[in-house]
């Protein structure tokens with residue numbers, strides 16, 4: 001059996017009796033290479049075996065760097081479907097059965113295509129008969145010189161649009177642009193008498209009622225937690241002992257056996273097997289990885305449509321990395337040029353923030369999570385008696401754990417006012433106050449015609465831009481309230497931990513007033529009735545000390561007593577209730593996981609709320625009829641399309657919260673969730689899309 005190239009005009013057409021190999025080389029900076037091995041439902045075992053061998057040979061020829069995917073007809077991965085933007089067409093038979101691939105300008109055709117899907121479309125050849133139709137889907141009757149699209153009465157607008165694009169693709173690629181396209185609305189056939197006459201001439205007169213719609217077979221949005229890790233060594237497969245299958249494992253790459261491949265299995269609306277090949281694995285182990293995975297599926301009696309990914313050390317797929325809470329790339333840099341160095345003190349000087357870089361590089365704005373240089377206008381409200389109470393500007397930056405606040409930030413971009421509405425929720429605020437905060441946020445959003453980008457801020461998880469807008473004056477009190485006239489309980493001694501090297505990244509957070517709260521890497525302010533101590537840990541930098549002084553002046557007008565670690569006076573320890581062990585290890589730079597962003601479509605167009613991943617996404621994948629969830633790891637964005645319905649909008653936020661809770665990597669549930677409206681996207685969102693067109697929807701009339 002030989003590999004035969006498929007002509008470009010036939011790309012996206014797959015014979016059910018054949019197997020195919022698809023090679024994709026991305027144009028991104030990472031230059032990733034993917035090999036997909038597609039299995040038709042009626043292909044023979046010999047064809048499947050030959051295709052697997054060719055995949056292994058191609059992988060070896062390309063240096064072992066490609067990620068290999070096993071794709072089964074009808075259960076293809078989102079990544080595979082993303083290559084064929086106008087859809088997949090399944091054709092009966094195969095090349096060996098006398099069927100031939102698509103030839104341009106061939107008009108002697110009569111077939112019926114059953115079209116399904118709103119984001120990734122598939123079309124399957126079915127019997128040319130009214131019995132193949134149903135009320136909920138779309139069907140294309142392809143007659144060579146004419147392509148008639150029949151829309152089921154229960155199909156939605158997005159499905160109809162995708163089907164039209166598929167019909168146009170058939171016309172342009174297979175008929176040289178010389179076929180006519182007609183559309184019939186099911187239930188309104190009398191409005192298209194000429195097209196119906198043509199359909200009846202082929203299908204005959206319709207008798208009886210059509211079948212009810214067939215629900216799309218899509219996974220739920222929740223990610224299941226059945227994850228098992230196996231190690232393959234010396235031709236033996238054993239489950240990795242440190243991972244229990246019933247929990248969400250926070251797996252670190254340090255457990256990867258760098259000598260032998262291992263198989264990592266997860267379930268997410270089905271089953272998937274991932275094979276990782278260590279650099280020191282033997283040639284036999286590497287070359288047999290795909291066949292071993294297929295054998296593993298059979299031995300475990302997993303479904304035959306189980307997906308398989310095979311990857312080499314250093315060439316891991318984005319989906320694979322997302323299963324790990326922390327992932328370290330060799331030589332990865334951080335921020336604007338910082339590098340994580342294992343075993344070294346990583347108190348690296350911060351590179352000065354340059355707002356011009358954000359305008360020149362939208363992707364940088366997204367990665368740094370900064371929309372501008374924080375020089376815009378600020379308004380702050382506190383929730384009092386479930387209503388908004390404006391906060392005195394003299395106390396801007398002071399947040400109490402017993403309160404909830406709304407912060408409206410106004411800035412200009414492209415000569416247009418933009419807004420960010422931060423919802424800060426105190427750890428000790430009542431449920432009524434938290435609910436009122438969300439309600440008042442909706443009112444403010446409506447006041448500005450839906451333009452504000454809404455960001456939920458959990459106490460202690462303040463994003464970088466939130467810190468920057470308060471210019472080093474951000475102070476978070478553990479409890480109490482900032483309401484005028486209310487006397488907060490007097491703890492006697494209050495201890496604040498100060499972190500930051502300049503006014504754009506500094507905040508002071510109240511911590512328990514005891515010695516165990518100290519940390520050798522930071523600056524602390526201890527305030528008592530008699531004294532104010534400014535404690536400098538041995539690991540803090542000069543810049544951090546300067547910011548500590550600035551914050552101390554905000555908290556107290558008293559003279560400050562500088563205390564160096566190891567030279568504390570007795571009064572210092574007395575105020576903290578006595579000496580106690582505290583963190584004395586030098587802090588390494590926080591490792592930033594290089595996780596690629598993931599986009600999901602949130603929709604109830606099929607009758608139930610579903611989240612569907614969109615691979616290799618672009619701006620065109622943002623569907624105005626739906627809500628889209630963009631996961632950038634450090635932040636979750638909810639993009640609201642102009643025509644998204646109220647249920648989708650409400651349910652998407654709950655799904656974002658559930659998405660974080662059920663993520664296999666054990667994600668932080670306090671990860672910021674930012675709501676973005678169509679046409680009002682900030683650069684922190686648009687920077688994740690290549691070649692973002694700011695005028696796309698304004699030109700379209702939206």
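If residue 394 satisfies all but one of (1) surrounded by 16 or more Cβ atoms within 10 Å (Cβ to Cβ); (2) under 20 Å from residue 503 (Cβ atoms), what's the number of the condition it fails?
(1)
So for the stretch 656-664 (the condition being closer than 16 Å to residue 598 by Cβ and in a loop (DSSP other than H, G, I, E, B)), does at least one residue qualify? Spell out the reasoning first.
The first filter runs over the stretch 656-664 and keeps only residues closer than 16 Å to residue 598 by Cβ, leaving 656, 658-660, 662-664.
Applying the additional criterion that residues be in a loop (DSSP other than H, G, I, E, B) yields 663-664.
Yes, that holds for at least one residue.
Could you please find all residues in the stretch 679-698 being modelled with pLDDT under 75 and outside any loop (DSSP other than H, G, I, E, B)?
Across the stretch 679-698, the qualifying residue is only 698.
How many residues, within the stretch 557-570, are on the phi < 0 side of the Ramachandran plot and loosely packed, with under 15 Cβ neighbours inside 10 Å?
The first filter runs over the stretch 557-570 and keeps only residues on the phi < 0 side of the Ramachandran plot, leaving 557-565, 567-570.
Among the residues that remain, those that are also loosely packed, with under 15 Cβ neighbours inside 10 Å are: 557-559, 561-562, 564, 567, 569-570.
Summing the residues that are on the phi < 0 side of the Ramachandran plot and loosely packed, with under 15 Cβ neighbours inside 10 Å in the stretch 557-570 gives 9.
Test each condition in (1) touching a residue at least 60 places away in the same chain (Cβ under 8 Å); (2) under 13 Å from the mean Cα position of the chain (by Cα) for residue 660 and report the one that comes out false.
In the conditions (1) touching a residue at least 60 places away in the same chain (Cβ under 8 Å); (2) under 13 Å from the mean Cα position of the chain (by Cα), residue 660 misses (1) alone.
I'd like the full set of residues that are modelled with pLDDT of 65 or more, more than 24 Å from residue 165 (Cα to Cα) and not in a strand (DSSP E or B), limited to the stretch 68-109.
93, 94
Are there strands (runs of 3 or more DSSP E) fully within the stretch 496-546 with at least 2 residues that are buried (at least 23 other Cβ atoms within 10 Å of the Cβ) and touching a residue at least 40 places away in the same chain (Cβ under 8 Å)? List them. Let's see the steps before the verdict.
Values: elements: 507-511, 523-527, 532-536.
Counting at least 2 such residues, we get 507-511.
Run down 171, 124 and say which single residue is more than 14 Å from residue 199 (Cα to Cα) and either in contact with a helix residue (DSSP H, G or I) (Cβ under 7 Å, 6 or more places away or on another chain) or in a strand (DSSP E or B) (or both). Step through it out loud before you land on a result.
On the way: 171 fails: either in contact with a helix residue (DSSP H, G or I) (Cβ under 7 Å, 6 or more places away or on another chain) or in a strand (DSSP E or B) (or both).
Residue meeting the stated conditions: 124.
Kindly provide the set of residues from the stretch 2-32 that are outside any strand (DSSP E or B), without any contact (Cβ under 8 Å) to a residue 60 or more places away in the chain and touching a strand residue (DSSP E or B) at 6+ places or on another chain (Cβ under 9 Å), ordered by number.
Scanning the stretch 2-32 gives 3, 31.
In the list 53, 89, 35, 39, which residue meets the criterion of being closer than 25 Å to residue 115 by Cα and free of Cβ contacts under 8 Å to residues at least 40 places away in the same chain? Write out each step before concluding.
Working: 53 fails: closer than 25 Å to residue 115 by Cα; 89 fails: free of Cβ contacts under 8 Å to residues at least 40 places away in the same chain; 35 fails: closer than 25 Å to residue 115 by Cα.
Testing whether each residue is closer than 25 Å to residue 115 by Cα and free of Cβ contacts under 8 Å to residues at least 40 places away in the same chain leaves just 39.
Can you give me the number of residues within the stretch 555-570 that are under 15 Å from residue 524 (Cβ atoms) and out of contact with any helix residue (DSSP H, G or I) (no Cβ under 7 Å at 6 or more places or on another chain)?
Within the stretch 555-570, residues that are under 15 Å from residue 524 (Cβ atoms) and out of contact with any helix residue (DSSP H, G or I) (no Cβ under 7 Å at 6 or more places or on another chain) number 10.
I'd like the full set of residues that are assigned to a helix (DSSP H, G or I) and either within 24 Å of residue 693 (Cβ to Cβ) or modelled with pLDDT of 90 or more (or both), limited to the stretch 611-647.
Filtering the stretch 611-647 down to residues assigned to a helix (DSSP H, G or I) leaves 619-621, 646-647.
Those that are assigned to a helix (DSSP H, G or I) and either within 24 Å of residue 693 (Cβ to Cβ) or modelled with pLDDT of 90 or more (or both): 619, 620, 621.
Being surrounded by fewer than 19 Cβ atoms within 10 Å (Cβ to Cβ) and more than 15 Å from residue 615 (Cβ to Cβ) narrows it down to one residue among 74, 40; which is it? Steps first, answer last, please.
On the way: 40 fails: surrounded by fewer than 19 Cβ atoms within 10 Å (Cβ to Cβ).
Exactly one residue qualifies, and that residue is 74.
The values are calculated or read from the model by the stated rules, or taken from the named source; none is laboratory data. All values derive from a computational prediction rather than experimental measurement. Every residue, glycine as well, gets a Cβ built from its backbone with ideal geometry; the counts of neighbours run over all protein chains shown.
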